[in-house]
Amino acid sequence: MGMDGNDCASRVWKGENGLIMRSGASNGRFHCEVFLMLRRFSTRELIVIAILAAMGVAVKPLVGPLIKTVSRSLMLPGGSLGGGFYMMWLTLAVTLVPRSGSGVLTGLVQAMAVFVLGWYGNHGAFTLVSYPLPGLVADLCGFPFRKYLDCHFSHILICIGANITGTMLSGYVMMRLEWRPLLYAAGISILSAVIGGLLSWSIYRQIKILRLI
């Protein structure tokens, strides 16, 4: 049933779910790349990624209004202030599923969920970049610390990398902020990510202690 990377570009593969992917065209190559990426993960790991991605999307409309209220009263950028909490779920995905691409896959699942639910706001198609790219940075930040995932510093660093990426994408690309407010937002995002990283580490420890994963 399985195929290597060379065969995937020139053959037809039929999976257990009955879906057929044809290659030779660019669409087939894309499907092939997705298949090869997903094949690295076990079913349990994919379920964990799906749950954490869903949690990251679900908490936004619940926590978002509260964060906006606090940020406005303190004159702080709302996205930077709440980003640490949002990226906490991405950090958990990278640490609980320590495989290459787990962060990107989590971001892709979140982007698709946001599109389906219509929660993309004024980001539009940019959502397809603003979610997976922080996941890519989280993967890169987490790669050197795969043997030290029980350390709180690893979670903090992963969360900081993801949150700063999201802040820069939103502030520079979407809001066109100048460098001073952009640096201010980045500073707030670091503080927020430290809290998000500590929360991620705390949840990670409890999950490992209870042997849930």
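The number of residues in the stretch 125-171 that are outside any helix (DSSP H, G or I) and more than 19 Å from Gln110 (Cβ to Cβ) comes to 3. Leu108 falls short on exactly one of the conditions (1) within 18 Å of Val59 (Cα to Cα); (2) assigned to a helix (DSSP H, G or I); (3) at pLDDT below 85, and that condition is (3). Only one entry of Leu62, Leu92, Leu157 meets the criterion of being more than 14 Å from the chain's Cα centre (by Cα), aliphatic (A, V, I, L, M) and modelled with pLDDT of 95 or more, and that entry is Leu157.
Total residues in the stretch 134-153 satisfying the condition of being over 16 Å from the mean Cα position of the chain (by Cα) and not charged (D, E, K, R): the figure is 7. Can you find a residue that is assigned by TED's automatic domain parsing to the domain that holds Ser102, modelled with pLDDT of 90 or more and within 20 Å of Leu81 (Cα to Cα) anywhere in the stretch 138-151? Scanning the stretch 138-151, I find at least one residue that is assigned by TED's automatic domain parsing to the domain that holds Ser102, modelled with pLDDT of 90 or more and within 20 Å of Leu81 (Cα to Cα), so the answer is yes.
Residues that are buried (at least 18 other Cβ atoms within 10 Å of the Cβ) and among the hydroxyl-bearing types (Ser, Thr, Tyr) within the stretch 176-208 comprise Ser189, Ser192, Ser200, Tyr204, listed in sequence order.
The values are calculated or read from the model by the stated rules, or taken from the named source; none is laboratory data. Quantities reported herein were computed from a predicted structural model and do not represent experimental measurements. With ideal geometry, Cβ positions are generated from the backbone for all residues, glycine too; neighbour counts draw on all protein chains shown.
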